[in-house]
């Protein structure tokens, strides 16, 4: 589907950027005229994906995290969160609810939240090369538009 | 990520306000731990009325507080959960473990 608008942001894997990333995604999504609930769903999913990159991709160093936001034909928002970190050896296991390799402030529910708040979720990862999470959510056109 | 606590007759009320994510979760957990250790409350009420955003970090915070209250033989309830946080907690099935009022 044709890309109608897009933006790419790149930032170091500092936890202070979690709030920035979800706020930026919400601002970009505003042009689709989402409901408050749709904006919150987008913010929550972006927060999960970016936090995963910050916590897991670069456990001992600071690395690059990219957030790509695209509006595709049909009022759909595509969100790509990419890192060049350690990668995930077993993606299926990582997506299992309650599974986490993080410390106790992680619940292991990140991918479950992304799955339930977005229409689609794809995770591609290669150990030593990095991880790319691609999510999409169609924003319902409201009456009067 | 401010946490404000009130205590009366071994009932501890903690107001969690602002945005709760991984960046701020540790501070909130440590503050709740400290207050629970100090007060040894019979009941902890987490008031989320000022919580403007949470992600799965909030799930970890609630589960930890629930576990700590179990260790001091107390109970825990969560009140005034905003819709966004409620949706996150429901997606995790948290209502099967934690009392929401």
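The values are calculated or read from the model by the stated rules, or taken from the named source; none is laboratory data. Computed from a predicted structure; not experimentally measured. Glycine gets a Cβ as well: all are built from the backbone with ideal geometry, and neighbour counts include every protein chain shown.
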Test for residue A:103: is it within 14 Å of another protein chain (Cβ to nearest Cβ), outside any strand (DSSP E or B) and within 15 Å of the chain's Cα centre (by Cα)
no
Is it true that some residue in segment A:47-69 is within 13 Å of chain B (Cβ to nearest Cβ), assigned to a helix (DSSP H, G or I), free of Cβ contacts under 8 Å to residues at least 40 places away in the same chain and within 13 Å of the chain's Cα centre (by Cα)?
yes
Identify, from the list B:85, B:17, B:39, the residue that is under 24 Å from residue A:100 (Cβ atoms) and touching a residue at least 24 places away in the same chain (Cβ under 8 Å).
B:85
Out of curiosity, is residue A:88 within 14 Å of chain B (Cβ to nearest Cβ) and crowded, with 19+ Cβ neighbours inside 10 Å?
no
Six or more apart or on different chains, Cβ atoms under 6 Å: show the pairs whose first residue is in segment A:111-138 and within 14 Å of chain B (Cβ to nearest Cβ) and whose second is part of a helix (DSSP H, G or I) and surrounded by fewer than 21 Cβ atoms within 10 Å (Cβ to Cβ).
A:111/A:95; A:113/B:91; A:116/B:91; A:121/A:115
Members of segment B:72-88 found to be within 14 Å of another protein chain (Cβ to nearest Cβ) and either modelled with pLDDT under 95 or under 12 Å from the mean Cα position of the chain (by Cα) (or both), listed by number
B:81, B:85
Residue check, residue A:26 free of Cβ contacts under 8 Å to residues at least 24 places away in the same chain, buried (at least 16 other Cβ atoms within 10 Å of the Cβ) and within 14 Å of chain B (Cβ to nearest Cβ):
yes
Is there a residue being surrounded by fewer than 17 Cβ atoms within 10 Å (Cβ to Cβ) and either touching a residue at least 60 places away in the same chain (Cβ under 8 Å) or over 17 Å from residue A:103 (Cα atoms) (or both) anywhere in segment B:51-60?
yes
Could you tell me whether any residue of segment A:66-80 is farther than 25 Å from residue B:85 by Cα, in contact with a helix residue (DSSP H, G or I) (Cβ under 7 Å, 6 or more places away or on another chain) and at pLDDT below 95?
yes
Residue that is nearest to the other protein chains (Cβ to nearest Cβ), among those in segment A:29-46 that are surrounded by 12 or more Cβ atoms within 10 Å (Cβ to Cβ) and under 14 Å from residue A:69 (Cα atoms):
A:43
Check whether at least one residue in segment A:4-18 is in contact with a helix residue (DSSP H, G or I) (Cβ under 6 Å, 6 or more places away or on another chain), assigned to a helix (DSSP H, G or I), modelled with pLDDT of 95 or more and surrounded by 14 or more Cβ atoms within 10 Å (Cβ to Cβ), and report yes or no.
yes
Of all residues in segment A:98-145, count the ones that are surrounded by 15 or more Cβ atoms within 10 Å (Cβ to Cβ) and touching a helix residue (DSSP H, G or I) at 6+ places or on another chain (Cβ under 7 Å).
23
